[in-house]
Amino acid sequence: MSYQLELKAGIEAVRAAANVCRAVQANLITADTLEKKDKSPVTVADFAAQAIVCAHLLKALPNDLMVGEEDSAELRADEEASLRASVVQHVAEQVGSEADEAQVLAWIDHGSADGSQPRYWTLDPIDGTKGFLRGEQYAVALGLIENGEVVLGVLGCPNLKVGDHQGALFTATKDGGATMYRLFDETDQGQAIQVAQVTSASQARFCESVESGHSNQSESAKIAELLGITGEPYRIDSQCKYAAVARNDASIYLRLPTSETYREKIWDHAAGKLIVEAAGGTVTDMHGKPLDFSLGRHLDNNKGVVATCGAIHDEVINAIQQVRG
Ligand code: AMP
Ligand code: MG
């Protein structure tokens, strides 16, 4: 099996980052922060999670590059001293006393590669920040890209359940299958997952963003109607949508553009796309084109995203073309 060193390092990194996210969500999100719509808890967790993932990967694979969503510029400002202290404290709780301020900032900035090299990791330290702040779903999403192809994906979903265990971890490697683990149980051996065996879209359940600003929900409702889908959409934040398709909680994930100019980011899709494909599904943009990860930080050659269990993919793409004209 290829990519075993990378897989082990990626799993450890995502588990450690998920620990810090869970701690921040439990300790820093209060009635007060919710009422004030205070985003500082997610800011702390975002930076801390990126520092932790980079620290782990640097130890295991010191020559590998990282394209992360965050950089430390904002955090270095004089007026952000207390935010910075909180980030350093949360990182130190996971990785120990070597995590002083300079080291944490350097770890965060390890994520500043631009995606122009043949091999690099990409990280969304907290995908679904709005879900995180609502106390709902979010994900730590880590992918490895080689020559424009996603070859490994690790997705930590701290609030998604596996049986009665809260926290799910999904992994996939190129040429390997998709596996689901209990996120906060390192002894778990995992189980193979597979997409739904649905052959007509009318039998499908579809999922989409909770945020109507991130995906065109009125258009997806028309597409669902055309496909004969009668159930309500499963609305869930973050790449948990890809996980939902991979493990057959849903058979379709629709992400339809809300603006002409928005460009999808590679870290919002790399891990999830590979996990769906490894579970037997299909992922393309809304025109049915493969997602092109060879262009740096954005999916500049693609519009929207459609993930399905596979057999119904063309049917879904055709319905999208019909509704969008
Ligand atoms: P979701 O949880 O699926 O709603 O997606 C969260 C992700 O949406 C974030 O990581 C953002 O990068 C991304 N995002 C932000 N604005 C937009 C937009 N206008 N269209 C699509 N995605 C967006
Ligand atoms: Mg994101």
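If you check Glu225, Glu186, Glu211, which single one turns out to be more than 16 Å from ligand 1 (Cβ to nearest atom), in contact (Cβ under 8 Å) with a residue 24 or more places away in the chain, open to solvent by 40 Å² or more (accessible area, probe 1.4 Å) and not in a strand (DSSP E or B)?
Glu186
Among the helices (runs of 4 or more DSSP H) contained in the range 65-160, which hold 1 or more residues that are within 16 Å of ligand 1 (Cβ to nearest atom) and touching a residue at least 24 places away in the same chain (Cβ under 8 Å)? Before the answer, list the steps.
Values: elements: 81-95, 101-109, 129-133.
Per the criteria, 129-133.
Given the options Gly143, Gly131, Gly153, Gly176, name the one that is open to solvent by 10 Å² or more (accessible area, probe 1.4 Å) and not acidic (Asp, Glu).
Among Gly143, Gly131, Gly153, Gly176, only Gly176 is open to solvent by 10 Å² or more (accessible area, probe 1.4 Å) and not acidic (Asp, Glu).
Just to be sure, is Asp300 acidic (Asp, Glu), more than 17 Å from Val151 (Cα to Cα) and either more than 16 Å from ligand 2 (Cβ to nearest atom) or buried (at least 18 other Cβ atoms within 10 Å of the Cβ) (or both)? Give the steps one after another, and end with the answer.
Details: acidic (Asp, Glu): yes; more than 17 Å from Val151 (Cα to Cα): yes; either more than 16 Å from ligand 2 (Cβ to nearest atom) or buried (at least 18 other Cβ atoms within 10 Å of the Cβ) (or both): yes.
Answer is yes for this residue.
So Ser238 passes all but one of these: (1) away from ligand 2 (no atom under 12 Å from the Cβ); (2) outside any helix (DSSP H, G or I). Which condition number does it fail?
(1)
Somewhere in the range 210-227, is a residue within 16 Å of ligand 2 (Cβ to nearest atom) and either at pLDDT below 95 or in contact with a His (Cβ under 6 Å, 6 or more places away or on another chain) (or both)?
No, the conditions are met nowhere in the range 210-227.
Go through Val316, Val323, Val245, Val305 for me and flag whichever is farther than 30 Å from Pro158 by Cβ and touching a residue at least 12 places away in the same chain (Cβ under 8 Å).
None of the others qualify; the one that does is Val323.
The values are calculated or read from the model by the stated rules, or taken from the named source; none is laboratory data. Predicted model only: the values in this text are computed from it and were never measured. Don't worry about glycine lacking a Cβ; one is built from the backbone with ideal geometry, like all the others, and counts go over all protein chains shown. Quick note on the areas: whole protein, heavy atoms, side chains included, nothing else; ligands and nucleic acids left out. Shrake-Rupley method; radii C 1.70, N 1.55, O 1.52, S 1.80 Å.
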